[in-house]
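The values are calculated or read from the model by the stated rules, or taken from the named source; none is laboratory data. Being a predicted model, the structure only gives us computed values, none of them experimental. Note that each Cβ is placed from the backbone with ideal geometry, even for glycine, and that neighbours are counted across all protein chains shown.
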Protein chains: 2
Amino acid sequence: MPAKRYLVTPGPTPVPPEVVAAMSAPMLHHRGPEFQAIADRVRARLGDVLQTAGDVLLFASSGTGAMEAAVVNLCSPGDRVLVASAGRFGERWASIARSYGLDVVHLRYAWGEALIPGEIAARLEEAGGVHAVYVTHSETSTGVVHDVRAIAERVAGSGAFLVVDAVSSLGAVPLETDAWGLDVVVSGSQKALMTPPGLAFSSVSAAAKAASATAGLPRFSLDWGRAGSFGSTPAVSLVMGLDAALELLLGEGLEAAFDRHRRLGRACRAGAKAMGLELFSPDEDRSAVVTAIRVPAGIDGKAIVRSMREHSGVTAGGGQGELAGQIVRIGHIGHISVSDVTAALAALELALAAAGADVERGVAVRAALAAHSDPVRA
Amino acid sequence: MPAKRYLVTPGPTPVPPEVVAAMSAPMLHHRGPEFQAIADRVRARLGDVLQTAGDVLLFASSGTGAMEAAVVNLCSPGDRVLVASAGRFGERWASIARSYGLDVVHLRYAWGEALIPGEIAARLEEAGGVHAVYVTHSETSTGVVHDVRAIAERVAGSGAFLVVDAVSSLGAVPLETDAWGLDVVVSGSQKALMTPPGLAFSSVSAAAKAASATAGLPRFSLDWGRAGSFGSTPAVSLVMGLDAALELLLGEGLEAAFDRHRRLGRACRAGAKAMGLELFSPDEDRSAVVTAIRVPAGIDGKAIVRSMREHSGVTAGGGQGELAGQIVRIGHIGHISVSDVTAALAALELALAAAGADVERGVAVRAALAAHSDPVRA
């Protein structure tokens, strides 16, 4: 009998049975009326989740592909762009922009810090002539959810486009594309939207769309116009799955979904603290996507992640890049209940105890359940 | 009761139940050992199908993305490339290369013609300094399968890389990457490989891989090195599905699969001819991917495709680009049996008769079945 598995990484996330069923329907031709109707509905539903009346484009790509599209469709060779980063995915913006020879002004915070809106505004003014600002909403590598609303308020009026990576945040924490004035928001199927990876999408404001007409960087399959018209074969089954997932999410209601994720984040942090562990993620309600937990000194975090998988069937995330071996990341977005979070905490407790760490036994799950039930933030 | 549907387009193609089941398994983390083992097996199995001992890279993209990767990883700005085309997908190579500012020598044949290897060699010599030659194996827009083996023999020794689009041919008609000396072969999941769209792949020869180290065109998500290391989240469920599809295909055996497709092609052409229709595809065994059939003068091909779908539940392809309204394309690759082909022929006969075309009634299906059964080419 194969072990029962629990997937609590911050993406890919577990796929609900309704989404599996939708993806198992007979294949449709992408140019036929049945698929066109589904794609139109998915774009409309994504607009509701993104809270935008603007265009939504679908890409057969990872989230990174849609990020790259937000660079190559908006910029021309030599353009100056500002990247504000505090982790792996923020730094990816800088890597993409440099790959295309852009003049990158990089406001680089240490991994785990929060972007400071006033400093972004100051660097924007100091640099001058910045064409676009690239930031991350949820920094999946550290657990920090940045205050994009405040960043947008400080970037507004500068003349620079504001582009946001919301790959792991969309559907889990509040994001209001139009109300906050975000020009481009990029996200993907495989996080809070509960669909397998391989489908990404992007909102594009009217101003950004107009700018793409004269943007000079080379592109083909990631061209926004090409994506908008399905110039290449779309990821049909994933679009069908996302349609079902969005029906679930919008049926629940965005506010209810945000509250659900908020409570899961509280539960995970409360459990980790109860057993005496130090949080790497900020202990605040906004950190509702993934909880990063420091592994006690002298313990190898990679071995803990492996032990959780091998002994408890729980797949959590380890540390990436410079945090490799130092943290364990428990994702709680999408089709995740508090029982998955307590299973992950129990597995973590077991793995740490087996490795000789000094953890308080038998308290994490109760603390997590208590924090999850409490309607008011403690 | 919704109508029963038959999908006979040349991609996406019907997905076998074994592939649906594999894609319905619980989601796996792309960095965990279970998925890594599946990805390794898929690359090995693709190597068997591609008949190469070289690297095979997976992309979360449409086939076009992997085509673009074969341009941006191989070329530098201003490089001269030769594109030989005779249809929509051949011309796509030229469009991609021009998007990146390459010096494109375009040997353009009319849609429906076959590439002439000797003329490619002559143009290659005449142009001089050609860095890479881009051709199509199966031209899905016209039904022509080009003689890539003969082209490779004429390009060999020129010093130019040879890149082949085998998106709709791989697994349906013979292609021997290493034996024929093909540097890069690009294909996708959604044609003869019976998996939903959104996953593409590419073989890369040692020489092509070495050239990519100094190729100067900008790229990020389509970078071969990045694809090889899953730098971005791969399309996990599609990789799991492709694994099951490749097990089916290799279990059948490549020669048996080629024979099966050869007989389906014969059946489709025999049926069309029997009812008095003119073939647009060449009437030869190599045309085993998609049969393009001319719509009789005065009849609107788009209306015929629509009528087949609405009255018989059969989704066939229409003409693309300059062939819009002039042909009907019946695909017979992947999870297609002769019963699908006869259903398509019967639907076509019904639609044409209803539109007032002068077609011979009641003979197509019998002719198709006879051609399918005949072990020797008539």
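Residue under question is B:Thr64, and the condition is that it be within 24 Å of the chain's Cα centre (by Cα) and facing chain A (nearest Cβ under 8 Å); does it hold?
In short, yes.
Quick check on segment B:229-259: of everything there that is over 19 Å from B:Gln51 (Cα atoms) and part of a helix (DSSP H, G or I), which residue is nearest to the other protein chains (Cβ to nearest Cβ)?
Within segment B:229-259, the subset over 19 Å from B:Gln51 (Cα atoms) is B:229-241.
Within this subset, residues satisfying the condition of being part of a helix (DSSP H, G or I) are B:236-241.
On the way: B:Val236: 5, B:Ser237: 4, B:Leu238: 6, B:Val239: 9, B:Met240: 9, B:Gly241: 8 Å.
Result: B:Ser237.
Enumerate the pairs (first residue in segment A:122-138 and without any contact (Cβ under 8 Å) to a residue 40 or more places away in the chain and closer than 12 Å to A:Asp79 by Cα; second residue anywhere and among the charged types (D, E, K, R) and outside any strand (DSSP E or B)) with beta-carbon separation below 6 Å, excluding pairs fewer than 6 apart on the same chain, so at least 6 apart or on different chains.
none
If I filter segment B:134-152 for residues that are at pLDDT 95 or above, farther than 29 Å from B:Ser237 by Cβ, over 19 Å from the mean Cα position of the chain (by Cα) and among the hydrophobic types (A, V, I, L, M, F, W, C), do I get at least one hit?
no
Within the bounds of segment B:354-367, is there any residue that is basic (Lys, Arg) and over 25 Å from the mean Cα position of the chain (by Cα)? Don't jump to the end; show me each part of the working.
Taking segment B:354-367 and keeping what is basic (Lys, Arg), we get B:361, B:366.
Among the residues that remain, those that are also over 25 Å from the mean Cα position of the chain (by Cα) are: B:361, B:366.
Looking through segment B:354-367, at least one residue is basic (Lys, Arg) and over 25 Å from the mean Cα position of the chain (by Cα).
When residues of segment A:187-237 are filtered for being over 30 Å from B:Val20 (Cβ atoms) and β-branched (Val, Ile, Thr), how many remain?
2
Can you say whether A:Val164 is assigned to a strand (DSSP E or B), buried (at least 24 other Cβ atoms within 10 Å of the Cβ) and under 10 Å from the mean Cα position of the chain (by Cα), as far as the supplied structure shows?
no
Scan segment B:5-21 for residues that are facing chain A (nearest Cβ under 7 Å) and without any contact (Cβ under 8 Å) to a residue 60 or more places away in the chain and report the count.
Qualifying residue count for the region: 0.
Could you identify the single residue in A:Gly11, A:Gly32 that is in contact with a Lys or Arg (Cβ under 8 Å, 6 or more places away or on another chain) and outside the structural domain of A:Leu199 (by TED's automatic domain parsing)? Quick ask: steps written out before the conclusion?
Details: A:Gly32 fails: outside the structural domain of A:Leu199 (by TED's automatic domain parsing).
After applying the criteria, what remains is A:Gly11.
Modelled with pLDDT of 95 or more, buried (at least 24 other Cβ atoms within 10 Å of the Cβ) and part of a loop (DSSP other than H, G, I, E, B): which single residue out of A:Gly265, A:Gly334 fits that description? Walk me through it before giving the result.
Values: A:Gly265 fails: part of a loop (DSSP other than H, G, I, E, B).
The conditions single out A:Gly334.
Name the residues in segment A:26-40 that are assigned to a loop (DSSP other than H, G, I, E, B) and surrounded by 15 or more Cβ atoms within 10 Å (Cβ to Cβ), would you? Steps first, answer last, please.
Here is the first cut: in segment A:26-40, the residues assigned to a loop (DSSP other than H, G, I, E, B) are A:26-32.
Passing the criteria: A:Met27, A:Leu28, A:His29, A:His30, A:Arg31, A:Gly32.
Tally the residues that are among the aliphatic types (A, V, I, L, M) and either surrounded by fewer than 23 Cβ atoms within 10 Å (Cβ to Cβ) or facing another protein chain (nearest Cβ under 9 Å) (or both), restricting the search to segment A:317-327. Quick ask: steps written out before the conclusion?
Of all residues in segment A:317-327, those among the aliphatic types (A, V, I, L, M) come to A:323-324, A:327.
Going one step further and asking which of them are either surrounded by fewer than 23 Cβ atoms within 10 Å (Cβ to Cβ) or facing another protein chain (nearest Cβ under 9 Å) (or both), we end up with A:323-324.
Selection size over segment A:317-327: 2.
Quick check on segment B:70-114: of everything there that is aromatic (Phe, Trp, Tyr) and within 24 Å of B:Arg226 (Cα to Cα), which residue is surrounded by the fewest Cβ atoms within 10 Å (Cβ to Cβ)?
Restricting to residues being aromatic (Phe, Trp, Tyr) and within 24 Å of B:Arg226 (Cα to Cα), the top hit is B:Tyr100.
What's the total number of residues in segment A:182-228 that are part of a loop (DSSP other than H, G, I, E, B) and within 13 Å of another protein chain (Cβ to nearest Cβ)?
19
Kindly evaluate A:Gly325 against the criterion of being under 21 Å from A:Gly87 (Cβ atoms) and in a loop (DSSP other than H, G, I, E, B).
yes
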